[in-house]
Amino acid sequence: MVSLGLCGLVLLLIVRASRSAGIGFRFASYIDNYMVLQKEPAGAVIWGFGTPGATVIVTLGRGQETIMKKVTSVKASSNTWMVVLDPMKPGGPFEVMAQQTLGIMTFTLRVHDVLFGDVWLCSGQSNMQMTVLQVFNASKELSDTSAYQSVRIFSVSLTQAEEELEDLDEVDLSWSKPTAGTLGHGNFTYMSAVCWLFGRYLYDTLHYPIGLVSSSWGGTPIEVWSSRRSLKACGVPDVRNERVPQPSREPVRKECSSEESSCPPRRFTPPEFMAGPTTHSVLWNAMIHPLRNMTLRGVVWYQGEANANYNRDLYACTFPALIADWRQTFHYGSQGQTERFFPFGFVQLSSYELMNSSDYGFPEIRWHQTADFGYVPNLRMPNTFMAVTMDLCDRDSPFGSIHPRDKQTVAYRLHLGARAVAYGEKNLTFQGPLPKKIELLAQNGLLSLTYDQEIWVQRQDNKTFEVACCIDHQCKWLPAPMNTFSTQTLVLGINVCFGTVVAVRYAWTTWPCEYKQCSVYHPSSILPAPPFTAVITHQDPRLRAGLSKHLWRSTSSFIQGRFL
């Protein structure tokens, strides 16, 4: 045996302690080179993992200049450390350095080329997951990145978890500058086209850095993106302990085969839209909750197809509940730096070519996406904005008509909403016209709709508007052709109804029109009028479409159940 001696033993202990103290000292998975941190007035959160009891000093520097230092310690309960940087003006690049000290041992981490700007999280299912490679004019889009090197992108891997994770298990794309490779990596693999184009349009307006975080998975219902507490609040059954088979399909990366014993248990047989995980909360746990400490400017969301035939009637609750829960989680996770009611934008569903044209799954989901108001922001969905896309159909899409390729218009309409709602830009029209007054002129066989803004009737047809006609307690929807129209008023003919007209609706079909050829638009022709349904109150003709929510709920079972 070789004798180390006292000095040798002490040296060995120091080396061993040094190695163990350095194990696990790291930044959170999404803190990396080229990242964008949230600018003023919020403070960006920097956090990671370390040795319990150790001191951690976080330094923000630029060149040889130290901008600020923050000191914290590693919590024994979670092995985590966290600091909140002072609010910073947009710009960069900066370096973030973290040093862990325990006794005489110090370990250093660095990330470089860090910018300050606005950080947006993008989430949803396959229409959010589609990459730039899959959209119209993809070659031009992929070659047009040199002017947008301050728009940085990050993509979360497709992972599931039965319990809430502290940090991401995997990252598909670490923070990167946009290139043809990072934007056009493959079909339905990083980076989200809607997310990228939304950020690019914002950069063209704001002229400062934009950080885009993509976390989406195709074929997924809203339940997998929702926490268990938000689902419970909407009365959604807990399905953790039951298993259902997956539909047969081509495998998507990192998906779980139904034959594997490690597959999460599932309850129901998914419709054709569901190709991804269906166990409730597993993507919230693995792909959203780990991001909760990030300081965000806002969220954009594109999802709903998978709920057209699953818990559809609950969507008017589960979607607002998801928004409220994400807001609360990110606010507290970021130590109050992410706004408590941060802006939340979403895409109202586009069109889908069905064999059965009478299916109302998509129209009802579109309506429920607005919490049954027909527009946003509203009382149940404050500080939200919506891109109407029912006129962006794509019958010839090689990815199926449910995946239209015009994501540029989707992102442009989204960014208009962000400019108005998130950035407070005044006198900016960001949504299409909605009726503010519906007046029944029964003696003339007419129904008058007065809109809240000027309208442009692009196409007169006899099918887009329908009235609910009831005779002897039997009701059905009948077409109401356009009669006349003016700057803000549109008059429908209702002579087809020989009974009582009790409701009116617009574009209440899965495929309302051909590409950008719906009936009613804002005069700019950029923004289509959204679909709506409203009960007609004969005693009070001043019915506002958005205020018909309580009437709709009280009569919807009658209307939907009794109409032919």
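Based on this model, can you work out whether SER18 counts as over 30 Å from PRO93 (Cβ atoms) and modelled with pLDDT of 90 or more? Judged against the criteria, SER18 is not a match. Within the range 186-201, can one find any residue that is touching a Cys at 6+ places or on another chain (Cβ under 6 Å), under 30 Å from ALA420 (Cα atoms) and buried (at least 18 other Cβ atoms within 10 Å of the Cβ)? Checking the range 186-201: at least one residue is touching a Cys at 6+ places or on another chain (Cβ under 6 Å), under 30 Å from ALA420 (Cα atoms) and buried (at least 18 other Cβ atoms within 10 Å of the Cβ).
Given the structure, is CYS497 closer than 22 Å to TYR360 by Cβ, open to solvent by less than 10 Å² (accessible area, probe 1.4 Å) and over 33 Å from the mean Cα position of the chain (by Cα)? Here the answer is no, as CYS497 does not meet what is asked.
Applying the criterion of at least 3 residues that are without any contact (Cβ under 8 Å) to a residue 60 or more places away in the chain and either surrounded by fewer than 17 Cβ atoms within 10 Å (Cβ to Cβ) or among the hydrophobic types (A, V, I, L, M, F, W, C) (or both) to the strands (runs of 3 or more DSSP E) found wholly in the range 25-87 leaves 55-62, 65-73.
The residues of the range 407-447 that are in contact (Cβ under 8 Å) with a residue 12 or more places away in the chain, open to solvent by 60 Å² or more (accessible area, probe 1.4 Å) and assigned to a helix (DSSP H, G or I), listed by number, are TYR412, ALA442. Restricted to the range 334-366, and to residues there that are open to solvent by 10 Å² or more (accessible area, probe 1.4 Å) and at pLDDT 95 or above, the residue that is farthest from ARG297 (Cα to Cα) is GLU364.
When each of LEU173, LEU202 is tested for being hydrophobic (A, V, I, L, M, F, W, C), under 21 Å from the mean Cα position of the chain (by Cα) and over 23 Å from PRO290 (Cα atoms), the lone residue that passes is LEU202.
Of all residue pairs spaced 6 or more apart or on separate chains, those with beta-carbon atoms under 6 Å, a first member in the range 181-200 that is at pLDDT below 90 and a second member that is open to solvent by less than 20 Å² (accessible area, probe 1.4 Å) and part of a helix (DSSP H, G or I) are GLY184/VAL132; ASN187/GLN134; PHE188/GLN129. Take ASP372 and decide whether it is without any contact (Cβ under 8 Å) to a residue 60 or more places away in the chain, part of a loop (DSSP other than H, G, I, E, B) and of a type outside the set (Ser, Thr, Tyr). So ASP372 does not fit the description; no.
Taking the criterion of being of a type outside the set (S, T, N, Q), surrounded by fewer than 23 Cβ atoms within 10 Å (Cβ to Cβ) and farther than 20 Å from CYS234 by Cβ, the residues of the range 367-391 that qualify are TYR375, PRO377. Is at least one residue of the range 137-148 aromatic (Phe, Trp, Tyr) and either closer than 25 Å to THR66 by Cα or open to solvent by 20 Å² or more (accessible area, probe 1.4 Å) (or both)? Yes - at least one qualifying residue is present in the range 137-148. Report yes if some residue within the range 98-117 is assigned to a loop (DSSP other than H, G, I, E, B), closer than 26 Å to PHE330 by Cβ, within 32 Å of the chain's Cα centre (by Cα) and modelled with pLDDT of 95 or more; otherwise report no. No.
Looking only at residues that are of a type in the set (S, T, N, Q) and under 20 Å from GLN303 (Cα atoms) in the range 118-151, which one is farthest from the chain's Cα centre (by Cα)? Across the range 118-151, the extreme among qualifying residues is GLN134. Among the residues of the range 290-313, those identified as outside any loop (DSSP other than H, G, I, E, B) and buried (at least 19 other Cβ atoms within 10 Å of the Cβ) are PRO290, LEU291, GLY298, VAL299, VAL300, TRP301, TYR302, GLU305, ALA306, ASN307. Per the conditions (1) touching a strand residue (DSSP E or B) at 6+ places or on another chain (Cβ under 8 Å); (2) of a type outside the set (A, V, I, L, M); (3) in a loop (DSSP other than H, G, I, E, B), the sole criterion not satisfied by TRP367 is (3). Hey, can you tell me all the residues within the range 463-492 that are part of a strand (DSSP E or B), touching a Gly at 6+ places or on another chain (Cβ under 9 Å) and farther than 17 Å from THR533 by Cα? Hits for the range 463-492 are ILE471, GLN474, ASN483. If only residues of the range 153-170 that are open to solvent by 10 Å² or more (accessible area, probe 1.4 Å) and under 19 Å from the mean Cα position of the chain (by Cα) are counted, the one that is nearest to ASP406 (Cα to Cα) is THR159. Considering only residues in the range 88-128 that are more than 26 Å from SER73 (Cβ to Cβ) and of a type in the set (Gly, Ala, Ser), the one that is surrounded by the fewest Cβ atoms within 10 Å (Cβ to Cβ) turns out to be GLY91. Of all residues in the range 282-321, those being closer than 11 Å to SER226 by Cβ, touching a helix residue (DSSP H, G or I) at 6+ places or on another chain (Cβ under 6 Å) and aliphatic (A, V, I, L, M) number 3.
The values are calculated or read from the model by the stated rules, or taken from the named source; none is laboratory data. Predicted, not measured: the structure shown is a model, and the values here were computed from it. For neighbour counting, all protein chains shown are included, and Cβ atoms are generated from backbone atoms with ideal geometry for every residue, glycine included. For the accessible areas, the whole protein counts, side chains as well, though only heavy atoms, and no ligand, DNA or RNA atoms are used. Shrake-Rupley method; radii C 1.70, N 1.55, O 1.52, S 1.80 Å.
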